[in-house]
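Dropping a structure here in structure tokens format, bear with me for questions.
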Amino acid sequence: MTQMLVLGLGNPILTDDGVGILVVREVQSRLLSSPAVSAGEVGRGSWTFAEASVGGLRLLEVLTGHERAILVDAIQTPGGAPGDVYRLTVGDLRSSRHSGSTHDLTLAGALALGRALGMALPEDDAMVIIAIEVVDVLTFGEGCTPLVEAAIPKVVQLVMDEIKEEQVRG
């Protein structure tokens, strides 16, 4: 049975930074209340829903043991508009210079190191990253800014579509 992970990243008490977690919570709620789940139509493989406030090397522990993964996170890009949504791959992040600290690695670097160490991690082409352009990731607050909040239903549907696509491939 294929082990699949839907992972919300961020900090839910730092305004927009928690958007990935909010999206994954809503996706999980919808799937668990879906008649398709009780009828067994959603279930080719084993899905795990998780939340994490880590990145780089610390993210490897969360990803280990899963063959496929959908990550949902906040992003800030030059010229991006709040609420913009991006579907990215690990390859799209290879040029990223962001990491949790100067002693940490990017997602792509952490995955490469984990695989070299023999960790059971999803291959790059088995991972999808859904990123939401955000405004404020520094202010303490449990809600998102209005434009980011307005994007959540669209992102929830994108993640649901990704899950359905994985079911077809699985």
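The values are calculated or read from the model by the stated rules, or taken from the named source; none is laboratory data. It should be emphasised that the depicted structure is a prediction, and the values quoted were computed from it without experimental measurement. Heads up, the Cβs are rebuilt from the backbone with ideal geometry, glycines too, and the neighbour counts pull from every protein chain shown.
So in segment 53-91, with the set limited to residues that are among the aliphatic types (A, V, I, L, M) and over 12 Å from the mean Cα position of the chain (by Cα), which one is surrounded by the most Cβ atoms within 10 Å (Cβ to Cβ)?
L60
Can you tell me which residues in segment 116-156 are of a type in the set (S, T, N, Q) and either at pLDDT below 95 or exposed (fewer than 15 other Cβ atoms within 10 Å of the Cβ) (or both)?
Once the filter is applied, which keeps residues that are of a type in the set (S, T, N, Q) and either at pLDDT below 95 or exposed (fewer than 15 other Cβ atoms within 10 Å of the Cβ) (or both), segment 116-156 yields only T139.
State whether one or more residues within segment 78-93 are hydrophobic (A, V, I, L, M, F, W, C), at pLDDT below 95, in contact with a helix residue (DSSP H, G or I) (Cβ under 7 Å, 6 or more places away or on another chain) and over 25 Å from S29 (Cα atoms).
Yes, the conditions are met somewhere in segment 78-93.
If you go through segment 101-115 one residue at a time, do you hit one that is of a type in the set (G, A, S), closer than 23 Å to G18 by Cβ, assigned to a loop (DSSP other than H, G, I, E, B) and at pLDDT below 90?
yes
Would you confirm whether or not segment 19-40 contains a residue that is more than 21 Å from V137 (Cβ to Cβ), in contact with a helix residue (DSSP H, G or I) (Cβ under 8 Å, 6 or more places away or on another chain), at pLDDT below 90 and outside any helix (DSSP H, G or I)?
no
Additional query: So how many residues does segment 116-152 have that are of a type outside the set (A, V, I, L, M, F, W, C) and closer than 14 Å to A69 by Cβ?
4
Continuing with the same structure: Working only within segment 6-23, note down all residues that are over 14 Å from P153 (Cβ atoms) and crowded, with 22+ Cβ neighbours inside 10 Å.
Answer for segment 6-23, where residues must be over 14 Å from P153 (Cβ atoms) and crowded, with 22+ Cβ neighbours inside 10 Å: V6, L7, G8, L9, G10, T15, D16, D17, G18, G20, I21.
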